Ligand SMILES: [Zn+2]
């Protein structure tokens, strides 16, 4: 008996000229144990053939190369699929698409490359995570919410904090950084709920993708973790197996690239700093590099001036790669959609 349900909209299901790759994809979607998959062509979706039942997740192909309707792509279908307000919608593409720091498609939760999901277990995990989030939110019952009372917010959010595996030291700021609409949605008075009534789960997935996982803040990706520890990427890669226990193991970790908890890395360095040399945040990367055993060649250097002590990551205009950079050698990029403590890479003038 299938336990979970998936809706897939893909043009390879409509084309008679389907090439073998597409047949493989059809087999892939129909092979998933425990997941009942409904597959539709874009034409069928446009003709309102989407069943009115609940789905755990919707996957939509981005590029309809084989569709008779050449004017449409996956993003056009968001309005139709959004009628299922509590079903997350992911857009997927065959092409190489860098999702790091990328803007997400409008009205959808995520953009994934097909290769990210070309393993049935990952889809299965993803759906289990979505269910877990739904059930945690349904266990949070609020009459009213005082968002200034952080201690009681933390208490109420316990089921959700546990799903993320949030360290105790981060709990208060973690809850404060989540979109306030979530708490409004959970209260009885939903009169002032914006966002077209999207569910707390969907708002949380968007927040995860755009802020928690997509930005420097509570979690750090490889370049950010290396920069934070005052070392270069090569040295970080050599020692990262020793940092395994500080990796993010919470919701959606299997379908996203690796992250490390900043606060856990920080406490580890303080533990290693037996001489108590760290007196200020300025000292931190210097001492961190030393206690981790970095030599002169292993220390992080600014991409612009080549000197030590870069305080941030930055990127050149129109480039995806990020590099360690000094504040003085780069410019801040203002992004009003981000709330503290999340930041995006700075801009480096080339
Ligand atoms: Zn510099």
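Would you please classify the overall shape of the stretch 111-169 from the alpha carbon gyration tensor, given that a ≥ b ≥ c denote the square roots of the eigenvalues, rounded means a/c under 1.5, and beyond that prolate means a/b larger than b/c while oblate covers the rest?
Prolate.
How far is it, in nm, from the label point at residue 135 to the one at residue 307 when both lie 7 Å from their Cα along the line to the Cβ?
Those two pseudo-labels are separated by 5.6 nm.
Could you state the principal axis extents of the C-alpha atoms in the stretch 139-212, from the largest down, to the nearest angstrom?
Computed over the stretch 139-212, the largest-to-smallest principal extents equal 34, 26, 21 Å.
Describe numerically, in nm with one decimal, the distance between label points set 7 Å from Cα along Cα→Cβ at residue 119 and at residue 331.
The answer from the label model is 4.1 nm.
Go ahead and run the numbers for FRET between residue 187 and residue 162, Cβ-Cβ distance against an R0 of 35 Å, rounding to 0.05.
Here the calculated transfer efficiency is 0.95.
Relative to the first principal axis of the alpha-carbon coordinates of the chain, what is the inclination of helix 20-30, with its axis defined by its Cα atoms, in degrees from 0 to 90 and to the nearest 10?
Roughly 90 degrees between the two axes.
Which order do the peptides 302-313, 227-238, 211-222 take when ranked by the mean count of other beta-carbon atoms within 10 Å per residue, highest first?
Output ranking for 302-313, 227-238, 211-222: 211-222, 227-238, 302-313.
In the calculated pair distance distribution of the stretch 221-339, what percentage of Cα-Cα distances lie above 19 Å?
Roughly 51 percent, rounded to a whole number.
Contour minus end-to-end for residue 281 and residue 128, with contour as 0.36 nm per residue of separation and end-to-end as the Cα-Cα distance?
Fully extending the segment from residue 281 to residue 128 adds 51.1 nm.
Starting from the Kirkwood Rh over alpha-carbon pairs, what translational D in µm² s⁻¹ does the chain have by Stokes-Einstein at 4 °C and 1.567 mPa s?
In µm²/s, the coefficient is 58.
Note the angle between two axes, namely the Cα long axis of helix 120-138 and the longest principal axis of the Cα atoms of the chain, as a number of degrees from 0 to 90, rounded to the nearest 10.
Roughly 80 degrees between the two axes.
May I ask for the angle, rounded to the nearest 10°, between helix 262-272 and the longest principal axis of the chain, with both axes built from Cα atoms and the value confined to 0 to 90°?
For 262-272 against the chain, the angle is about 30 degrees.
Using only helices, what value at 222 nm comes out for the chain when you add -39,500 (n - 2.57) per DSSP H run of length 4 or more and divide by the total residues, to the nearest 500 deg cm²/dmol?
-8500 deg cm²/dmol
Could you tell me how far the Cα centroid of the stretch 217-246 sits from the Cα centroid of the stretch 296-337, in Å?
Here the answer is 16 Å between Cα centres.
Read-outs throughout are calculated quantities, based only on the coordinates presented, and are distinct from any laboratory measurement. The shown structure was predicted, so the numbers you read here are calculated from the model rather than taken from an experiment. Positions of Cβ are generated from backbone atoms using ideal geometry, with glycine treated the same way; all protein chains shown enter the neighbour counts.
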